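**Q** First the structure, which I've put down as structure tokens, then a few questions once you've had a look.
Laboratory data are not the source of any read-out in this text; all were calculated from the coordinates shown. Remember, it's a predicted structure, so these values are computed and weren't measured experimentally. Here the Cβ positions follow ideal geometry from the backbone for every residue, glycine too, while neighbour counts run over all protein chains shown.
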Amino acid sequence: MARRSTKTPPPEEFEERILDIDVVDEMQGSFLEYAYSVIYSRALPDARDGLKPVQRRILFQMNEMGLRPERGYVKCARVVGEVMGKLHPHGDASIYDALVRMAQPFSMRVPLVDGHGNFGSLGNDDPPAAMRYTEARMASTTSLMTASIDEDTVDFAPNYDGSEQEPVALPAAYPNLLVNGATGIAVGMATNMPPHNLGEVVAAARHLIRHPNADLDTLMKYVPGPDLPTGGRIVGLGGIRDAYETGRGTFKIRATVSVENVTARRKGLVVTELPFTVGPEKVVSKIKDLVGSKKLQGIADVKDLTDRAHGLRLVIEIKNGFNPEAVLEQLYKLTPMEESFGINNVALVDGQPLTLGLKELLEVYVDHRFEVVRRRSEFRRGKRRDRLHLVEGLLTALVDIDEVIRIIRSSDNASEAKASLVERFSLSDVQTQYILDTPLRRLTKFDRIELEGERDKLTAEIEELTRILESDAELRKLVSAELADVAKKFGTDRRTVLLESAGAPASAVPLQVADDPCRVLLSSTGLLARTATGEPFAPEAGEAKRVKHDVIVSAVPATALGEVGVVTSAGRLLRLRVIDLPQLPETASAPNLSGGAPLSEFLSLDDDERVVCLTTLDESSPGLAIGTEQGVVKRVVPDYPANKDELEVIGLKEGDRIVGAVELRTGDEDLVFITDDAQLLRYPAAQVRPQGRPAGGMAGIKLSSGAKVISFTAVDPAEDAVVLSVAGARGGLPGAASEGTAKLTPFDQYPRKGRATGGVRCQRFLKGEDCLVLAWAGATPARAAGPSGTPAPLPTPDPRRDGSGTPLTKPIAAVAGPV
């Protein structure tokens, strides 16, 4: 028991009064009063217009202030002040928060406020500016919410102090509760409703108007699921049907993500849409926390590239060696890129909080709209009837205007004139007073014609309104037509994709790329790539299939997680991770590196340094064979320490450089030197003993005065091979032949000689030619490419060892055999 009494003793002349109150009854009564106030006056939306009281008061007061879409913006502080002073006595913070949310296109599917200034960002990562800085006015759709509110379409109630009147619901020309959704926490209950597509909801409402007994499955053909302002993907539709049937359900929202090449070396996940109410900063922060705690693997970097021009763009760079799809599944599992949304359709119906399904929500709105249109029609019919009454009285007076004037002039005062007119023409008091108030200039013949036309128009409008009010079918037809007009004007395409399931689970895709066999390729234009398998390209690709970058000058077998070596003209061997290289499509059946990446993305070379070949780092192989410009040859012992990324493979003399290198496969190959003075030397690789990496090699070919080596290769004598030589003039483009003659000769036409000898002539110069500008020896079929990588034709094979060439038809920059 609780005992209430005053703190100070009462005066002696007053009788002491002590009231005993049961604590349980007092708490129960106070709590119920508080709970009802929160439920009815703050937290829950009305099922008719879909608005909470504060939202309804903001829109109504903006309409009263004349802040229409065609007018200028006003400070939000002014709107908040008007609403707080007249209608909503709960503080400015709650009013401004509600106003801001109604202006956010990422919170409302159809914004109700047109904001100017900083109204916040997705996920509230960037909070809105203070109301003294921002400006607002009614959005175009808000006029539909308040349209005809001054035509007695809705009931009004006193405000908190009885000094003003406010609507208990807005007319709402479209189903705002379903279109924009609602969120609110009351006492013992809450509401959480997702937004929907305006066109879909209107279509369902119109179908329900035509077919009041429509079932849920039929309505869901028009409204298959929520349509969130931020787009995204809804995964699993079972919970949506539960919500539409019972008012409660759960579904998952996933970000919209695509796998793209974010750099030449790496793939990435590009996020363009996030789940409803989730901001990019929240996602970035969570990813960094997971990466830092080593709970999430495979992510190299996260960048938020969101801007006003391109919208949301979150780039998640994936480390090489990890499957982007598997990393994405981990992101869905561990970060806010996948969120659950619990639908709880609680709204006020006749002041009572009810949980409603889709059909019930549409029925409440449609009934409200019927009532609004019916009351509007009655109001308009009454206004037209009143006007018709006045017009008919004025027309009666115009029939005998002279008598009317005589009566008025002969009367002593207005009252006597009014009584005389009523008696003489059988007019009502209202008609008589209107006649007396009408100036004489309105009583001309022309005005009579106008009045007769107005009378006919009013009569037709009254008949039309009466027909609507007396026919339920006509009323339904009108409401449906008005909804169709709204959808046509303000409807937009669906943003959210609905998916029955999420597809393959994360376990179906391994997180890391398997260490599968592959081949690493280098093109004539300096592009690197790897294949999906370790099998060589099919050699049957003919001229018709050849495309840009189809000349592969070097190819080595490898594994996806392994490494290969890159030999440069400066005598360096650089390690290269295979997984860093872009992978060619598995459908490629011909050498085609159009999807490769340039060497500069992976290696740092000096200005005068170029890549000569690729090599495996297999220490069980016969090793590298190297030929230099000054005629030095070397076989390198395959000793490649794993802890060094850069190794020296030959000690070059000053001014010398490597012109060719090749990894021997068996050690039985022939080494081939070709000099610029058209000498070719061929001898077995066995004549060159292997040396350690720092060694400087040995004499490979004897050069005549002023000559230099332009080509060094290794050819398997058991293969069908050819020699290409291109003659031209000195001073031309180094390493390329744009003008001159070319000769293609079978390799077996050249005899073996001893190491360090001068070799034999491989082409006879014509007039104007004094050197070879390009030469190559290798297995057939041979392919050539121009400087840009485009195919170039080769001459017909010529069996003459030292014959002259045929003129070039296209420039040649590189030649290669099968890979």
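**Q** Which pairs break 29 Å Cα to Cα here: K252/K286; K52/K288; K767/K810; K702/K767?
**A** In this structure, K52/K288 lie more than 29 Å apart at Cα.
**Q** Report the percentage of all Cα-Cα pairs in the range 256-336 whose separation exceeds 21 Å, rounded to a whole percent.
**A** 20 percent
**Q** Taking 0.36 nm per residue of sequence separation and subtracting the Cα-Cα distance, how much length would be gained by fully extending the chain between E474 and A309, in nm to one decimal?
**A** 54.6 nm
**Q** Ignoring solvent entirely, what values of log10 I(q)/I(0) come out of the Debye formula for the range 698-799 at 0.13, 0.17 Å⁻¹ when each Cα is a single scatterer?
**A** -0.50, -0.87
**Q** Also, I was wondering about something else. N323's amide H: which non-local residues (gap 5+, or another chain) put their own amide H closer than 5 Å, with H modeled 1.01 Å from N in plane and none for Pro or chain starts?
**A** Q512, V513
**Q** Moving to a separate point now. Just need the Rg to Rh number for the range 655-754, please, alpha carbons only, Kirkwood Rh.
**A** On the way: Rg = 14.4 Å, Rh = 15.0 Å.
When Rh is taken as the Kirkwood radius, the ratio is 0.96.
**Q** Sort 563-571, 617-625 for me by packing, meaning the mean count of neighbouring Cβ atoms within 10 Å per residue, highest on top.
**A** Output ranking for 563-571, 617-625: 563-571, 617-625.
**Q** What FRET efficiency comes out for L395 versus D289 if R0 is 60 angstrom and r is the Cβ-Cβ distance? Round to the nearest 0.05.
**A** That pair, L395 with D289, gives E of 0.15.
**Q** Determine, for Y160, Y434, Y222, the number of other Cβ atoms within 10 Å of each Cβ, and report the residues in order from fewest to most. Please list the in-between numbers first.
**A** Details: Y160 13, Y434 17, Y222 20.
If I rank by nearby Cβ atoms, fewest first, I get Y160, Y434, Y222.
**Q** Right, another one. In units of 2.2 N^0.38 Å, what is the alpha-carbon radius of gyration of the range 212-360? Walk me through the numbers on the way to the answer.
**A** Values: Rg = 19.1 Å, N = 149, 2.2 N^0.38 = 14.7 Å.
Taking N as the residue count of the range 212-360, the ratio is 1.29.
**Q** Could you check the simple spin-label distance between S258 and D493, using points 7 Å along Cα→Cβ, in nm with one decimal?
**A** Between S258 and D493, the label points sit 1.3 nm apart.
**Q** Right, here's the next one. Along the charge dipole of the range 517-816, which of G789, T675, G565 sits closest to the positive end, that is, farthest toward it, with unit charges on the beta carbon of Lys, Arg, Asp and Glu (+1, +1, -1, -1)?
**A** Final value for the positive-end residue is T675.
**Q** Measuring from centroid to centroid over Cα atoms, what is the spacing of the range 280-302 and the range 82-154 in Å?
**A** Between the Cα centre of the range 280-302 and that of the range 82-154, the gap is 35 Å.
**Q** Let me spell out the model: positive unit charges on the Cβ of Lys and Arg, negative unit charges on the Cβ of Asp and Glu, origin at the Cα centre of the chain. What dipole size does that give, in debye rounded to 20?
**A** Once rounded to the nearest 20, the dipole reads 3140 debye.
**Q** OK, next. List the extent of the Cα atoms of the range 779-819 along each of their three principal axes, largest first, rounded to whole Å.
**A** Principal extents (largest minus smallest coordinate, Cα): 30, 24, 12 Å.
**Q** While we're on this one: So how far, in whole Å, is the C-alpha centre of the range 461-497 from the one of the range 617-635?
**A** 86 Å
**Q** Which residue, chosen from A129, L499, V179, occupies the Cα position most advanced towards the positive end of the dipole of the chain, where the dipole is computed from +1 (Lys, Arg) and -1 (Asp, Glu) charges on Cβ about the Cα centre?
**A** Highest projection toward the positive end goes to L499.
**Q** Please check which bits of the range 113-139 a label hung off A77 would reach, taking the label as a point 7 Å along Cα-to-C-beta and the cut-off as backbone N under 12 Å.
**A** The answer is 130-135, whose backbone nitrogens lie closer than 12 Å to the label point.
**Q** Show the residues, 5+ positions off or on another chain, whose built amide H is closer than 5 Å to the amide H of A139.
**A** Distant-sequence amide H within range of A139: V113, D114.
**Q** Hey, another quick one. Mind ranking 515-527, 451-463, 406-418 by how tightly packed they are, going by the mean number of other C-beta atoms within 10 angstrom, highest first? Could you put the intermediate results ahead of the total?
**A** Numbers: 515-527: 21.1, 451-463: 14.6, 406-418: 12.8.
Going from most to least packed, we get 515-527, 451-463, 406-418.
**Q** Here is a further query. Can you tell me the length gained on complete extension of the stretch V422 to Y133, counting 0.36 nm per residue apart and subtracting the Cα distance? Let's see the in-between values first.
**A** On the way: separation 289, 0.36 × 289 = 104.04 nm, distance 6.21 nm.
Full extension from V422 to Y133 adds 97.8 nm.
**Q** About its Cα centre, what dipole magnitude does the range 34-198 give when the only charges are +1 on Lys and Arg Cβ and -1 on Asp and Glu Cβ, stated in debye to the nearest 20?
**A** 320 debye
**Q** Sort R233, R385 by Cβ crowding within 10 Å, fewest neighbours at the top.
**A** The fewest-first ordering by Cβ neighbours comes to R385, R233.
**Q** List every residue whose amide H lies under 5 Å from the amide H of V659, counting only residues 5 or more places away in sequence or on a different chain, with H placed 1.01 Å from N in the peptide plane.
**A** Correct list: G627, T628, E629.
**Q** Where does the chain land at 222 nm, in deg cm²/dmol rounded to the nearest 500, when only DSSP H runs of n ≥ 4 count, each adding -39500 (n - 2.57), divided by all residues?
**A** -9000 deg cm²/dmol
**Q** Sticking with this one: Return E338, E464, E403 ranked ascending by Cβ neighbour count within 10 Å, so the fewest neighbours appear first.
**A** With the sparsest Cβ surroundings first, the list reads E403, E464, E338.
**Q** Over all pairs of distinct alpha carbons, what does the Kirkwood formula give as the hydrodynamic radius of the range 34-198, in Å?
**A** Values: mean 1/r = 0.0626 Å⁻¹.
Kirkwood hydrodynamic radius for the range 34-198: 16.0 Å.
**Q** By how many nm would the segment from N413 to T246 lengthen if fully extended, with 0.36 nm per residue of separation less the alpha-carbon distance?
**A** Stretched fully, the N413-T246 segment lengthens by 52.9 nm.
**Q** Applying a 10 Å radius around every beta-carbon, put 770-777, 71-78, 308-315 in order of their mean neighbour count, most first.
**A** 770-777, 71-78, 308-315
**Q** Still on this structure, please answer the following. Please work out the C-alpha center-to-center distance from the range 755-786 to the range 411-450 and express it in whole Å.
**A** 119 Å
**Q** Ordered by residue, what ³J(HN,Hα) values in Hz, to whole numbers, does the range 215-221 give under the Karplus form 6.51 cos²θ - 1.76 cosθ + 1.60, where θ = phi - 60° and Gly and Pro are x?
**A** Taking θ as phi minus 60°, the curve returns 8, 5, 4, 5, 5, 6, 5 Hz for the range 215-221.
**Q** So, one more: Could you give log10 I(q)/I(0) at q = 0.10 Å⁻¹ for the range 517-816, computed by the Debye formula over C-alpha point scatterers of equal weight, without solvent?
**A** For the range 517-816, the Cα-only Debye profile gives -0.51.
**Q** Which three semi-axes in whole Å describe the equivalent ellipsoid of the chain, each the square root of 5 times a Cα gyration tensor eigenvalue, listed largest first?
**A** Those come to 90, 36, 22 Å.
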